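The values are calculated or read from the model by the stated rules, or taken from the named source; none is laboratory data. Because the structure is a prediction, the values reported are computed rather than measured. All Cβ positions, glycine included, derive from the backbone under ideal geometry; neighbour counts span all protein chains shown.
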Amino acid sequence: MVSVTYSEAILLIAALIAASLFAGVVLSKLGAMESAYSQALQQEKNRFLMDIKIIYAASNSSKVYVWVKNVGVSPISSLESLDVYFGEYSQAQYIPFNSSSPPTWHYSFYDDDQLWKPGETIKITIDLSQPLQSGVYYLKVATGGGVSDEYVFST
């Protein structure tokens, strides 16, 4: 009878240890899932609060001038990380920021503050390697947060 009691006690302790280990693993995985979900939710929130609109684009020989407005509710920093695509319609290419040789682009603010605040318009200048020919051109500006706007114009 004593050996049965010892066996049952050992089995009970083993079952408690196994249940504790299982609960620990499950809780740690839930914590990791919660963290990933929280991070994804924060990214979507930032994307929802951030928005841009290409107001106008014009060309002058081998330069294209683009006015882009921050129509979101949060400021946009690090404009160097914007992605700019430009070219003939259906043949647009990525234009690098501040490259040593064309094609390249740079931006300018209308005030001295280097933060793109809501409601503020920046001017993007695209320097091309050759003058634009008559045709239809495509332009896309995208932020690092995945917000973008497109514009089509003709020369």
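Brief remarks follow.
- Any hit, segment 49-67, residues being exposed (fewer than 14 other Cβ atoms within 10 Å of the Cβ), in the same structural domain as ALA142 (by TED's automatic domain parsing), among the small types (Gly, Ala, Ser) and over 19 Å from the mean Cα position of the chain (by Cα): yes
- Any hit, segment 127-141, residues being farther than 18 Å from SER59 by Cα and either in contact (Cβ under 8 Å) with a residue 24 or more places away in the chain or surrounded by 14 or more Cβ atoms within 10 Å (Cβ to Cβ) (or both): no
- Test result for TYR6, within 30 Å of GLN130 (Cα to Cα), of a type in the set (Phe, Trp, Tyr) and either assigned to a helix (DSSP H, G or I) or in contact (Cβ under 8 Å) with a residue 60 or more places away in the chain (or both): no
- Residue satisfying condition, being closer than 30 Å to VAL141 by Cα and of a type in the set (Ser, Thr, Tyr), within set SER7, SER59, SER28, SER20: SER59
- All positions within segment 36-57 that are part of a strand (DSSP E or B) and either free of Cβ contacts under 8 Å to residues at least 12 places away in the same chain or more than 15 Å from HIS106 (Cα to Cα) (or both): ILE52, LYS53, ILE54, ILE55, TYR56
- Taking the criterion of being over 16 Å from PHE109 (Cα atoms), of a type in the set (A, V, I, L, M, F, W, C) and out of contact with any Phe, Trp or Tyr (no Cβ under 6 Å at 6 or more places or on another chain), the only residue of segment 74-94 that qualifies is PHE86.
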